[in-house]
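The structure appears right after this line, and notes come after that.
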Amino acid sequence: MTTLVSSPLVHPGSPPDSPWWRSAVIYQIYPRSWADGDGDGVGDLPGISGRLPYLRDLGVDAVWLSPFYTSPQADAGYDVADYRDVDPLFGKLADADALFAAAHDLGLKVIVDLVPNHSSDEHVWFRAALAASPGSPERAHYVFRDGRGPGGDLPPNNWQCVFGGSAWCRVASEDGQWYLHLFDAKQPDFNWDNPEVRAEFEDVLRFWLDRGVDGFRVDVANALVKEAGFPDWDEKLHILDNPVDVPRKVPGRRAPMWDQDGVHEIYRAWRRILNSYNPIHTDAYSGDNDRILCGEAWVDSPERIVRYVRKDEMHQAFNFEFLKTQWRAVDLRKGITSSLTTADSVGAPTTWVLSNHDVLRHASRLGLPVGAKRPNGIGIGDPQPDADLGLRRARAATALMLALPGSAYLYQGEELGLPDSTDMPDGLRQDPTWPRSGHTERGRDGCRVPMPWEGDRPSYGFGPSDRTWLPQPASYSALAVDRQVGVEGSTLELYRALLAIRHERGLGVGSLSWLEGLPGEVLGFVNTSATGERVLVVTNFGAERVVVPEGVRLLLSSGPLGDGGTVPTDTTVWLTD
Ligand code: NOJ
């Protein structure tokens with residue numbers, strides 16, 4: 001690396017005093033699996049509150065809590081029976097209030113999950129719908145239809161649900177209607193054409209805003225409105241798939257249950273509500289207090305995703321392109337450029353994410369051969385990831401991600417370098433994907449295993465007992481928090497250093513240009529702050545070591561450097577002038 005010519009600006013950067021969410025690092029807590037306060041083997045809100053100082057010390061800005069609401073837990077809480085209460089498994093409403101207060105005292109914002117596409121079949125509205133007759137106002141809260149064929153014995157159309165099998169379930173009552181569930185049969189879809197559904201969710205937003213939350217992560221935000229007429233759709237639905245990895249049978253045709261234009265007016269109405277909590281047109285306005293919406297939307301392209309973050313809609317949407325991109329310099333460069341430029345075209349920040357509760361953790365994913373299709377869970381008998389390679393690449397990928405302008409999401413335990421559990425006995429699996437796919441897809445339990453806090457304790461310190469709702473792999477002992485705190489070179493200390501430098505140097509609001517003239521298997525960019533300070537970021541994907549130019553100083557490296565300070569394969573360095 002002798003010449004350091006940079007490309008024209010790919011992304012211009014944002015003012016240093018931009019609202020918090022344009023650059024925030026947000027840590028996802030999966031409440032079942034982060035910290036168990038009462039020893040029943042399932043994480044809970046008091047457990048979370050007790051461990052929050054760990055997140056302040058890690059250096060994140062906010063937490064996102066996956067659902068903790070009243071729920072029969074048919075989809076780990078994404079099946080909500082009461083949107084205004086806490087499930088006894090996780091505690092009480094007062095525990096949620098205490099958690100929000102404790103987080104705020106530590107300077108952490110709190111984002112909660114909102115699940116508007118479907119409820120639980122144990123929601124009071126759905127129970128009433130089942131008890132009522134076809135055409136009643138009760139049934140109109142959900143999507144009920146008569147079946148096709150003689151006696152209405154066939155589902156109303158051929159849609160498959162995401163977890164496998166038909167997306168329709170027939171009711172037991174005499175009328176024999178069918179209801180739609182894009183996910184499990186215990187997750188009936190709401191009818192968003194019904195103004196009562198819209199009013200209900202606006203009220204739910206206010207309920208949590210009044211309790212002090214800083215925003216909402218909106219579950220399957222692309223699914224609420226379905227194409228009129230419910231036309232047949234021959235293709236399988238998957239979490240996080242899009243036509244890039246699963247080519248469409250009819251190119252250009254959008255799935256009738258995803259990303260319909262009608263969803264946007266819902267989010268415009270929600271944005272008005274959020275803005276009313278921190279009026280943007282008054283002198284008292286401060287971007288530090290913005291309440292935000294972040295959409296989880298599986299759409300066909302970056303152009304479609306940024307429609308959710310136009311000025312009067314959501315603040316952020318997950319950008320899954322980065323997560324789905326293969327470990328290749330050329331692909332990542334393309335994906336990063338298009339993510340930044342499309343977000344810039346509507347004046348929104350982009351988001352970056354590598355792991356969450358729905359996908360193989362990146363320490364495992366990146367240990368699979370480059371180019372392999374991302375499996376939906378790994379189990380006994382499946383090809384196993386290369387753990388060392390996966391961790392080395394995961395550290396390099398995170399160091400790359402946290403130098404990018406925009407907001408970044410971390411998933412609990414990735415700061416420890418946790419791999420997925422890939423040898424869990426199938427009989428212990430809880431994800432509905434496994435039974436609904438006819439035992440062909442193992443699903444998401446592997447990334448949802450309880451956190452290890454103390455390597456020598458029962459349940460690795462997850463709670464006061466030895467109980468854990470999913471078994472922890474033996475490898476988690478050596479990766480526990482207490483084994484990594486203060487240990488030079490540990491993954492936890494790497495994350496702390498990355499987050500500290502990211503904050504100090506304002507990388508989240510910096511500009512980006514590519515470093516040109518590097519070998520094809522090396523990715524390099526410059527993040528420049530408003531005051532002109534530069535951080536040079538270089539990731540080496542190739543076998544040849546990269547020589548760092550003279551005159552630059554090493555800020556950090558995702559792994560050990562080679563002789564003479566060279567950058568080995570699967571390593572990212574941050575440099576400065
Ligand atoms: C997306 C969530 O992330 C996933 O965990 C859940 O199963 C589906 N939405 C259905 O709510």
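Each part gets one Cα centre, and for region 251-293 versus region 156-171 those centres are 30 Å apart. Backbone geometry of region 509-522 corresponds, through the Karplus equation with coefficients 6.51, -1.76 and 1.60 at θ = phi - 60°, to 3J(HN,Hα) couplings of 10, x, 9, 9, 9, 7, 7, 9, x, 8, x, x, 9, 10 Hz, x marking Gly and Pro. Relative to the Cα centre, the charge distribution of region 439-577, modelled as +1 at Lys and Arg Cβ and -1 at Asp and Glu Cβ, gives a dipole magnitude of about 440 debye. Placing unit charges on the Cβ atoms of the charged side chains and taking the dipole of region 299-345 about its Cα centre, the candidate lying farthest along the positive direction among 319, 332, 308 is 332.
Backbone amide hydrogens, once placed in the peptide plane, bring residue 25 within less than 5 Å of 61, 62, 408, excluding anything fewer than 5 places away on its chain. Taken about its Cα centre, region 77-226 carries a charge dipole of roughly 360 debye when the Cβ of each Lys and Arg holds +1 and the Cβ of each Asp and Glu holds -1.
For region 349-360, backbone phi angles converted through the Karplus equation (6.51, -1.76, 1.60; θ = phi - 60°) give residue-by-residue couplings of x, 8, 10, 10, 7, 10, 9, 7, 7, 10, 10, 4 Hz, Gly and Pro being listed as x.
Tell me the relative contact order for region 299-402 as a rounded percent, counting alpha carbon contacts under 8 Å between residues six or more apart. Let's see the in-between values first.
Working: 121 pairs, mean separation 24.6, N = 104.
Once divided by the residue count of region 299-402, the mean separation gives 24 percent.
The convex hull drawn around the Cα atoms of region 520-577, when projected onto a plane and averaged over every direction, covers 3.9 nm².
Over the C-alpha atoms of the chain, the Rg to Rh ratio, Rh being the Kirkwood estimate, stands at 0.96.
Okay, helix-only estimate at 222 nm for the chain: each DSSP H run of n ≥ 4 adds -39500 (n - 2.57), divide by all residues, round to 500 deg cm²/dmol; what do you get?
Numbers: 13 runs with 131 residues, N = 577.
So the calculated ellipticity at 222 nm is -6500 deg cm²/dmol.
Heavy atoms of the protein chains alone define the surface here; on that basis the chain has 37 Å² accessible area per residue at 1.4 Å probe size. Amide H contacts for residue 368 (H built 1.01 Å from N in the peptide plane; partners 5 or more residues away or on another chain; cut-off under 5 Å): 386.
If you plug the beta carbon distance of residue 380 and residue 228 into 1/(1 + (r/R0)^6) with R0 = 41 Å, you get a FRET efficiency near 0.35. Placing unit charges on each Cβ (+1 for Lys and Arg, -1 for Asp and Glu) gives the chain a dipole about its Cα centre, and among 90, 366, 539 the Cα reaching farthest toward its positive end belongs to 539.
Taking amide H atoms as placed 1.01 Å from N in the peptide plane, the amide H of residue 355 lies under 5 Å from those of 411, each 5 or more residues away in sequence or on another chain. Surface composition of the chain: carbon and sulfur make up 53 percent of the accessible area, probe 1.4 Å.
Restricting the calculation to Cα atoms, region 100-238 yields a radius of gyration followed by a Dmax of 17.3, 63 Å. Selection among 183, 215, 554 by position relative to the dipole of the chain gives 554 as farthest towards the positive end (Cβ unit charges, Cα centre). Computed about the Cα centre, the dipole magnitude for the chain is approximately 1080 debye when only Lys and Arg (+1) and Asp and Glu (-1) carry charge, each at its Cβ. Across region 460-474, computed HN-Hα scalar couplings (Karplus, 6.51 cos²θ - 1.76 cosθ + 1.60, θ = phi - 60°) run 6, x, 4, x, x, 10, 8, 8, 9, 5, 10, x, 8, x, 4 Hz from first to last residue, x flagging Gly and Pro. Over the chain, Cα pairs under 8 Å with separation of 6+ residues give a relative contact order of 17 percent. Restricting attention to the chain, close to 60% of DSSP beta bridges with both partner residues there are antiparallel.
Applying 1/(1 + (r/R0)^6) with R0 = 60 Å to the Cβ-Cβ distance of residue 277 and residue 153, what FRET efficiency is obtained, to the nearest 0.05? It would help to have the intermediate numbers written out before the result.
Details: r = 50 Å, r/R0 = 0.83.
My answer for the efficiency is 0.75.
Pairwise Cα distances in region 368-503 exceed 24 Å for 37 percent of all pairs.
Per the Kirkwood definition applied to all pairs of different Cα atoms, how many angstroms is the hydrodynamic radius of region 190-298? It would help to have the intermediate numbers written out before the result.
On the way: mean 1/r = 0.0624 Å⁻¹.
After inverting the mean inverse Cα-Cα distance, the result is 16.0 Å.
The values are calculated or read from the model by the stated rules, or taken from the named source; none is laboratory data. Source: prediction; values computed, not measured. As a convention, Cβ positions derive from the backbone with ideal geometry for all residues, glycine included, and neighbour counts pool all protein chains shown. Surface areas here come from the heavy atoms of the whole protein model, side chains and all, with no ligands, DNA or RNA. Shrake-Rupley method; radii C 1.70, N 1.55, O 1.52, S 1.80 Å.
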